[in-house]
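Worksheet for the structure shown next.
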Amino acid sequence: MTDKPGGSWPANAAPGGGTPGRTVTLTDLLRVPLHRIRLVAAAATLGLLAALGYVLLVPGAVTADAVVAVRPVVTDAFTPSGASADRAVNMNVERGIATGTEVVRRLADATGRDQREVRDALELEVPTGGQILRFRYTANSPQEAVTGVNLAAQAYLDVRRAMYEQQREDMLRSYDESITKVQAQQAALQRQIANSRAGASDAAVAELSGVNNQLTQLASARTEIAAVDVNPGWVTREAEATLLSPSGYTALRLLAGLLGGVLLGIVLAYVWESVDRRIRSVDDGRDATGLPLLGTARGPKRRGSRHAVDADIRYVAMAIAGRIREPARVVLLTTREDQTPLSAGLAVALAVTGRDVYVADDIGRLERLRDEALAGLARLPATANPAQSVVPQQRQGSALPRIDDVTEPIAVRRPSPRPNVVPRQTTAASPSAVSRAAANEPPPDPDKTINLPRIASAASTKGKGGAGGTAGEVAVGGGSIRFGTWRQRSAKGLVLFNAPPAEADERGVAAARQGTAVVVVEQDRTRQGDLRRLVERLRAAGVAPLGFILTRSGRG
């Protein structure tokens, strides 16, 4: 074969022996989730359904608030306690009492819940610099939440009042004992004074006066203690069911479920991509094969019309034609995909420039190749396909001879600016002289005579190709396309082998040893592992491919 030798391997090797690094962009990071969008959407749907099920099946938590104003216990409620009134009550102590065991026990007995659940449901807030306790209780229903928080506030006040009353009772008891002792001492002094002689009772009278003063002070102090208001505070705001607003956590839970599902889908997409790597871009194809790019073919369903796809294939055909010399054998190789549409399009694009292309296939795809080639030929523009006439057809009423009556070439003579005088030969020339004369004869004038080709009859074209060729042959512009198997290939022209998938059949690599190979990579479908394995097999077989073609199926 006369194919051009391939370049060094790999094509993108760095001068220092390594492979040049490529910057990973945000588009590269988003490419995997976008191409695994079905997995991401499924995970997002599952997350949303899980959140919706939780909202519908699990009862929502309702929170109610109650505010208690704590007052200091003073002997005189109408006497100001000073500028620092907030120091009269230690709010840390009050907080501990409000969440203490006694309050929790009373709340658990009233609601029938476990003390641990009650302790988790009850919260207490103490604003800085104030004597206010804000109770917050969480339950499964509004009524239960309202009852629980009001009960907690009242239980705190009851416990605190009981503690103050117990302290007051202890103090009153102490005062009563002291008063009893002083009264006994007073009675003893009175008896002593009554039994003493005149002039000897002055000391006893003075002592009795002091005892009377002490008794008066004790009685006065006891009166003050007994008059102390032991009310620890008031509930300034009770919780009511009508004041509860609907919880806004439902939409937040649904949003959290959706975002969580999306995040899980992205993680699963990257995990799946790490196990099943696909070719996503031209850079991935270069990294996996080490070959130059011959061109890309867009997908008709995603990138544009069939005419744009045909234009891409013609560009690829130009790149292939610039790297080979006829006669040539080009093998189109894939890993697992079907490259039949691309093979037919390349055959049309190569034949339209005047080449005789033989398309070979060994796994029963010849009919499909022929149909694809005819469809591509029909889409060719008139400027690209010289076989299509741009002259308007003759009208039906014209009196022209029938086409079947024309059986011989018709010579049409045009005036030539240079007269052509042919001398008369008097003697027969020898064959050698004729050959020398033919070699020295100048090229004929193209304007002198035009030979129109013979037009075959309609009956003689039966069984021929759809474009006017012989049986099994399609005429395309100045060239033609013939179809057959690899064994029936001809030694002339361009042979294009639509090779079977290389993962299951080795005939494509074996045929590439007799010519050259072009690797066809389908975006988002070709696995990187399979592509590397195919390139390694070609390298081991001594084949230097021309490059690779990146195709898109249009399915996204």
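How high is the relative contact order of region 106-178? Use alpha-carbon pairs under 8 Å, at least six apart in sequence, and give a whole percent. Intermediate values should be presented prior to the final figure.
Numbers: 43 pairs, mean separation 16.3, N = 73.
Once divided by the residue count of region 106-178, the mean separation gives 22 percent.
Give me the percent of accessible area attributable to carbon and sulfur for region 94-228, probe 1.4 angstrom.
Values: 3610 of 7750 Å².
Reported share for carbon and sulfur atoms: 47 percent.
If contacts are Cα pairs under 8 angstrom and at least 6 residues apart, what is the relative contact order of region 146-285 in percent? Let's see the in-between values first.
Working: 55 pairs, mean separation 49.6, N = 140.
35 percent.
Please state the relative contact order of region 333-378 as a whole percent: Cα pairs under 8 Å, 6+ residues apart? Intermediate values should be presented prior to the final figure.
Working: 23 pairs, mean separation 23.6, N = 46.
Rounded, it is 51 percent for region 333-378.
Tell me the label-point distance for the pair A510, R237, using the 7 Å Cα-to-Cβ offset, in nm and rounded to one decimal.
8.9
With every protein chain kept in place and ligands, DNA and RNA left out, what is the accessible area per residue of region 480-523? Probe 1.4 Å, answer in Å². Walk me through the numbers on the way to the answer.
Numbers: 1770 Å² over 44 residues.
Using a 1.4 Å probe on heavy atoms only, each residue of region 480-523 averages 40 Å².
Suppose the chain between T27 and D371 were pulled fully straight at 0.36 nm per residue; how much longer would it get relative to their current alpha carbon spacing? Could the numbers behind the result be given before it?
Details: separation 344, 0.36 × 344 = 123.84 nm, distance 3.84 nm.
Contour length minus Cα-Cα distance gives 120.0 nm.
If packing is taken as the mean number of other Cβ atoms within 10 Å per residue, what is the order of 177-184, 257-264, 334-341, highest first?
Details: 177-184: 14.0, 257-264: 17.8, 334-341: 20.2.
Top to bottom by mean Cβ count within 10 Å: 334-341, 257-264, 177-184.
When only the heavy atoms of the protein chains count and the probe is 1.4 Å, how do Y175, Y156, Y54, Y249 rank by accessible area, highest first? All intermediate terms of the calculation are to be shown ahead of the outcome.
Working: Y175 60, Y156 0, Y54 110, Y249 135 Å².
Descending accessible area places them as Y249, Y54, Y175, Y156.
State the extension gain, in nm to one decimal, for the chain segment bounded by L52 and A219, taking 0.36 nm per residue of separation less the distance between their alpha-carbons. It would help to have the intermediate numbers written out before the result.
Working: separation 167, 0.36 × 167 = 60.12 nm, distance 7.11 nm.
Stretched out fully, the L52 to A219 stretch lengthens by 53.0 nm.
What percentage of the solvent-accessible surface of region 473-531, computed with a 1.4 Å probe over protein heavy atoms, is contributed by carbon and sulfur atoms? It would help to have the intermediate numbers written out before the result.
Working: 930 of 2210 Å².
Carbon and sulfur together cover 42 percent of it.
Set the Förster radius R0 to 56 Å, insert the Cβ-Cβ distance between L244 and R525 as r into 1/(1 + (r/R0)^6), and round the FRET efficiency to 0.05. List each step's numbers first, then the result.
Values: r = 57 Å, r/R0 = 1.01.
The calculated FRET efficiency here is 0.50.
Fully extended, how many nm does the chain gain between A378 and D120 (0.36 nm per residue separation, minus their Cα-Cα distance)?
On the way: separation 258, 0.36 × 258 = 92.88 nm, distance 7.84 nm.
Additional length available on full extension: 85.0 nm.
For the full complex of protein chains and a 1.4 angstrom probe, list T216, T485 by accessible area with the highest value first. Please report the intermediate quantities before stating the final value.
Working: T216 90, T485 45 Å².
Descending order: T216, T485.
The values are calculated or read from the model by the stated rules, or taken from the named source; none is laboratory data. What you see is a predicted model, and the numbers here were worked out from it, not measured in a lab. In this analysis, Cβ positions are derived from the backbone assuming ideal geometry, glycine residues included, and neighbour counts consider all displayed protein chains. Remember, those area values only see protein heavy atoms, side chains included, never the ligands or the DNA or RNA. Shrake-Rupley method; radii C 1.70, N 1.55, O 1.52, S 1.80 Å.
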